[in-house]
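Below you'll find the structure, written out as structure tokens, and then a few comments.
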Amino acid sequence: MLIVWIWRGEALVAISIGSSIALTLVTACVTGLSVPALLHALRLDPKIAAGPITLAMTDIFTLLFSFGLAWWWL
């Protein structure tokens with residue numbers, strides 16, 4: 001966020017990018033913890049399915065956060 005702010009001089013763009021990155025990191029952590037736990041509770045093998053499911057969900061949420069915040073703030 002700081003690099004964008006210094007480089008472009010636009011605070012709203014920097015806040016949008018920094019917020020989307022922060023939300024993505026939090027979502028990735030929560031998804032990475034909850035998907036294997038859910039698969040284990042359903043008696044499925046979390047070692048095989050947790051990686052692709054977590055990665056796909058994180059990618060989807062990343063796009064939603066990035067485009068959503070940019071549309072909302074900019």
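Using a Gaussian network model of the chain with C-alpha springs under 10 Å, which one of 42, 25, 63 is most mobile by mean-square fluctuation? Its mean-square fluctuation being the largest, the pick is 42.
For the chain, which trypsin sites (Lys or Arg not before Pro) are both in a DSSP coil and crowded by at most 11 other Cβ atoms within 10 Å?
On the way: sites: 8, 43, 47; in loops: 43.
For trypsin sites (Lys or Arg not before Pro) across the chain that sit outside H, G, I, E and B with at most 11 neighbouring Cβ atoms in 10 Å, the list reads 43.
Dividing the mean sequence gap of close Cα pairs (under 8 Å, 6+ apart) by how many residues region 2-73 holds gives a relative contact order of 40 percent. Axis angle, to the nearest 10 degrees, between helix 46-73 and the longest C-alpha principal axis of the chain: 20 degrees.
When only alpha carbons are used to place a centre, region 33-74 and region 1-15 end up 28 Å from one another. How far is helix 11-41 tilted, in degrees, relative to the longest principal axis of the Cα atoms in the chain, given as a value from 0 to 90 rounded to the nearest 10? For helix 11-41, the angle is close to 0 degrees.
What ranking of 20, 34, 66 emerges when the number of other C-beta atoms within 10 Å of each C-beta is taken as an exposure proxy, fewest first? Intermediate results must be reported in sequence, preceding the final value.
Numbers: 20 22, 34 13, 66 17.
In increasing order of surrounding Cβ atoms, one gets 34, 66, 20.
Can you give me the Rg/Rh ratio for the chain, using Cα atoms for both radii and the Kirkwood formula for Rh? For the chain, the value is 1.17.
Within the shell of other residues whose beta carbon sits under 13 angstrom from the beta carbon of residue 52, the net charge comes to -1, with Lys and Arg scored +1 and Asp and Glu -1.
Each reported figure results from applying straightforward, stated rules to the coordinates on display, with no laboratory input. Bear in mind the structure is a predicted one, so any value in this text is a computation, not a measurement. Heads up, the Cβs are rebuilt from the backbone with ideal geometry, glycines too, and the neighbour counts pull from every protein chain shown.
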